[in-house]
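First the structure, in the form of structure tokens, and then the observations on it.
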Amino acid sequence: MKPKASSRATITMMAAAVAVLSVWSHPASAQVAGQWKDPNHVYAKICSNCHDIGVGPVIKGRNLDPDYYFQVVRHGMRAMPAFRPTDVDDAMLHRLAETLSKSAPPGGPK
Amino acid sequence: MSSKYIALPKGVSEKSFDAAIKEYRAVLGEANVFTDSEHLASYSKIMIPDITENHTPSAAICPASVEEVQACVAICNKYKVPVWPISTGRNLGYGSAAPCSRGQVVMDLRRMNKIIEVDAELGTALVEPGVTFQQLYDYLQEHKIPLWLSCPAPSAIAGPLGNAVDRGVGYTPYGEHFMFSCGMEVVMPTGEVLKTGMGSLPNSNTAQVFKWGYGPYLDGIFTQSNYGIVTKMGFWLMPAPPAFKPYVIRYPEETDIVDIVETLRPLRMAMIIPNAVVIVHALWELGSFLKRSEHYPGTGTIPDSVVKDLVKKHKVGMWNVYCGLYGSPEQNEVNWNIIQNVVKASGKGELLTAEQVGDDPVFKYRADLMQGKMNTAEFGLYNWRGGGGSAWFAPVSQARGSETLKQMDMAKRILGKYGFDYVSEFIVGWRDMHHIVDLLYDRTDPAQLEAARACFDELLTEFSKAGYGTYRVNTAFMDKVADTYGPVKREINRKIKRALDPNGIIAPGKSGIWN
Ligand SMILES: Cc1cc2nc3c(=O)[nH]c(=O)nc-3n(C[C@H](O)[C@H](O)[C@H](O)COP(=O)(O)OP(=O)(O)OC[C@H]3O[C@@H](n4cnc5c(N)ncnc54)[C@H](O)[C@@H]3O)c2cc1C
């Protein structure tokens with residue numbers, strides 16, 4: 001739902017809304033080890049929550065070592081929670097680490 | 001004694017554990033059983049004031065289906081191996097994903113992440129333990145289903161099932177999450193699968209719409225407990241209101257807490273304020289975006305005078321009350337007028353809307369949480385002191401001004417003795433409040449860790465002496481809190497445990513319940 005009150009569904013519309021929806025691991029809302037589309041998907045759904053709003057430091061475009069990313073994510077780091085192999089498996093975490101290591105700084109060249 | 005394991009379950013020999021691990025691997029596959037320190041690190045990191053070694057797991061097992069959970073439970077019974085179930089495992093500040101005692105095997109249910117059903121007409125959802133709020137949120141968006149979630153502040157990275165079975169809270173009108181759950185599926189310690197409420201009736205289609213079923217209502221005994229492993233849970237979701245209007249009321253003095261509660265309680269009880277409102281102390285408000293060391297060089301409790309200056313400088317209240325209006329624009333207009341008049345008549349408090357507040361990240365995160373949107377800005381609190389130490393102290397209070405003042409004074413006095421800050425909020429229920437204090441400390445400093453442990457212990461002792469119980473506690477203090485509720489309750493919990501789980505394999509020690 002868009003946050004604009006005016007464009008939001010009214011109660012009447014809702015009553016006429018969709019019938020029961022049944023899904024088994026729907027791709028776009030699949031967000032667990034083995035289901036991520038690519039490293040950017042992981043970044044968008046997990047890391048960016050904290051790292052793009054100033055809770056954690058910027059982690060793009062800093063030429064950090066891929067292994068450092070890997071270690072911080074698995075072990076956590078002080079205020080940062082650890083993420084488990086069921087959140088992101090080793091293979092995807094390596095890809096994420098490589099991607100972030102080579103990334104441009106936010107707002108910088110794409 | 002060297003072992004190939006980083007820890008062993010209590011009373012289980014290495015040889016026996018080898019056999020159990022081999023059987024878990026046969027059921028789950030090599031890739032879903034972890035015993036190495038590298039992978040187990042992610043199950044061991046804690047923020048609570050206790051040493052990590054007391055909570056080191058021996059292994060993590062990660063089933064992907066109810067059948068796999070059952071098979072694992074059978075192996076646990078065979079070898080008397082204790083398992084600590086987690087869902088999304090983000091119980092940060094309450095014990096994270098780590099077990100309450102050393103050597104328990106973590107059963108990580110994160111891979112079970114099916115959204116089994118969302119009924120857009122009835123506003124219900126049935127989900128597995130590994131579903132995150134983000135996943136469910138994206139699902140609703142994608143299918144344009146006009147239903148809202150209610151989530152705790154870690155939103156995106158936590159999950160509805162794990163949060164509700166620990167009786168967590170959110171900030172919408174559905175903020176008391178267990179109250180808005182409806183129907184569970186539970187793998188019992190014997191391996192049987194129990195569906196609670198209407199769900200146990202074959203072919204029933206009312207499991208997610210009627211909570212009580214027939215006979216004793218059982219769902220409650222599977223919350224904050226170790227009587228079973230919850231593998232599915234139903235929830236009621238709130239119809240998206242046609243209009244939502246968040247607002248904040250700021251108060252200048254700490255003692256204003258009395259008037260705040262007395263002014264708001266009638267509005268809350270009459271549901272003119274329908275949501276789980278928060279009354280946020282200045283240090284929580286400021287702590288979510290400031291670093292303490294940049295504003296106060298000392299190591300002890302930040303003085304009231306410094307807090308006052310910061311309040312002025314950053315134009316926040318000493319208390320900040322976040323509420324929302326949910327309804328049609330006309331309904332909201334009527335209620336807005338009532339609220340304006342009540343606040344005006346009380347002679348205190350500055351009432352501000354989103355437009356008046358402008359671009360304020362704290363207001364934005366509160367507004368997001370009040371409409372069940374993903375926003376993890378509250379983790380900013382961990383930068384206030386830094387060092388990753390956090391323990392939620394969570395006594396329950398009556399929604400009565402004199403009581404909240406008394407609790408505030410007690411908490412401040414005890415925190416002050418140990419050099420910690422009163423970083424707090426009150427989450428308002430219908431007649432109660434969850435008084436939430438984040439005991440923030442630097443976990444990298446052993447002296448602070450020890451001080452935090454002692455401080456938390458004294459908070460529990462003093463509050464329970466005064467008749468105040470806590471609604472939930474971290475894994476280092478579960479026995480202590482169980483004692484505060486008295487011997488009869490504790491013994492009955494144990495009798496139920498023995499009857500349902502004779503081998504004591506599920507989460508021994510959870511909420512102070514042992515066999
Ligand atoms: C900054 C910050 C803000 C927070 N704000 C809030 C808040 O607003 N409201 C709130 O409630 N909490 C809050 N918390 C605490 C905590 O992070 C949340 O409650 C979170 O939802 C719990 O993690 P989870 O949902 O992943 O549940 P889990 O960690 O998966 O589960 C919690 C516990 O429930 C039990 N359990 C889990 N799954 C099962 C199962 N399937 N069967 C049986 N038992 C099970 C286990 O004992 C487990 O430890 C906050 C934490 C932080 C760091």
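Taking the criterion of being under 19 Å from B:M47 (Cβ atoms), over 16 Å from the mean Cα position of the chain (by Cα) and either of a type in the set (D, E, K, R) or more than 12 Å from chain A (Cβ to nearest Cβ) (or both), the residues of the stretch B:431-453 that qualify are B:D442, B:R443, B:D445, B:P446, B:A447, B:Q448, B:L449, B:E450, B:A451, B:A452, B:R453. In summary, helices (runs of 4 or more DSSP H) completely within the stretch B:343-388 and bearing 1 or more residues that are within 15 Å of the ligand (Cβ to nearest atom) and either within 18 Å of the chain's Cα centre (by Cα) or at positive phi (or both) occur at B:361-370, B:382-385.
Considering the stretch B:159-202, and only residues there that are open to solvent by 10 Å² or more (accessible area, probe 1.4 Å) and β-branched (V, I, T), the residue that is farthest from the ligand (Cβ to nearest atom) turns out to be B:T190. Looking across the stretch B:420-443 at every residue that is within 24 Å of A:M77 (Cβ to Cβ) and away from the ligand (no atom under 15 Å from the Cβ), the one that is surrounded by the most Cβ atoms within 10 Å (Cβ to Cβ) is identified as B:F420.
Which ones in the stretch A:62-86 are at the interface with chain B (Cβ under 7 Å from one of its Cβ atoms) and part of a helix (DSSP H, G or I)? Correct list: A:R74, A:H75. What about B:R110, is it basic (K, R) and either open to solvent by less than 10 Å² (accessible area, probe 1.4 Å) or on the phi > 0 side of the Ramachandran plot (or both)? Criteria met by B:R110. Where residues in the stretch A:25-59 are touching a strand residue (DSSP E or B) at 6+ places or on another chain (Cβ under 8 Å) and either facing chain B (nearest Cβ under 7 Å) or not in a loop (DSSP other than H, G, I, E, B) (or both), which of them is modelled with the lowest pLDDT? Per the criteria, the residue is A:H26. Is it the case that B:F477 is open to solvent by less than 20 Å² (accessible area, probe 1.4 Å), in contact with a Phe, Trp or Tyr (Cβ under 8 Å, 6 or more places away or on another chain) and more than 15 Å from the ligand (Cβ to nearest atom)? No. Only one of the numbered conditions (1) more than 14 Å from chain A (Cβ to nearest Cβ); (2) farther than 30 Å from B:A447 by Cβ; (3) free of Cβ contacts under 8 Å to residues at least 60 places away in the same chain is violated by B:S305, and that is (2).
For the stretch B:266-292, the set of residues classified as within 14 Å of chain A (Cβ to nearest Cβ) and over 19 Å from the mean Cα position of the chain (by Cα) consists of B:G287, B:F289, B:L290, B:K291, B:R292, listed by residue number. Counting just the residues of the stretch B:59-115 that are among the charged types (D, E, K, R) and more than 12 Å from chain A (Cβ to nearest Cβ), which one comes out farthest from B:S16 (Cα to Cα)? Among those that are among the charged types (D, E, K, R) and more than 12 Å from chain A (Cβ to nearest Cβ), it is B:E67. Within the stretch B:363-410, being of a type in the set (S, T, Y), facing chain A (nearest Cβ under 9 Å) and either surrounded by fewer than 20 Cβ atoms within 10 Å (Cβ to Cβ) or closer than 21 Å to B:T470 by Cβ (or both) holds for one residue alone: B:S390. When the stretch B:131-158 is filtered for residues that are farther than 21 Å from B:V278 by Cβ and near the ligand (Cβ under 9 Å from one of its atoms), only B:T132 remains. Count of the stretch B:269-309 residues, restricted to those that are in a helix (DSSP H, G or I) and surrounded by fewer than 18 Cβ atoms within 10 Å (Cβ to Cβ), is 8. From the list B:V428, B:V488, the one residue that fits, being under 19 Å from the mean Cα position of the chain (by Cα) and aliphatic (A, V, I, L, M), is B:V428.
Comparison of B:P63, B:P9, B:P49, B:P57 shows that the only residue that is in contact (Cβ under 8 Å) with a residue 40 or more places away in the chain, surrounded by 19 or more Cβ atoms within 10 Å (Cβ to Cβ) and outside the structural domain of B:S96 (by TED's automatic domain parsing) is B:P9.
Counting residues in the stretch B:444-466 that are part of a loop (DSSP other than H, G, I, E, B), open to solvent by 10 Å² or more (accessible area, probe 1.4 Å) and within 30 Å of B:R268 (Cα to Cα) gives one or more.
The values are calculated or read from the model by the stated rules, or taken from the named source; none is laboratory data. Since the structure is predicted, the reported quantities are computational estimates derived from the model, not experimental observations. Methodologically, a virtual Cβ is constructed for each residue, glycine included, from the backbone with ideal geometry; neighbour enumeration extends over all protein chains shown. Protein only, heavy atoms only, side chains kept; ligands, DNA and RNA dropped before computing areas. Shrake-Rupley method; radii C 1.70, N 1.55, O 1.52, S 1.80 Å.
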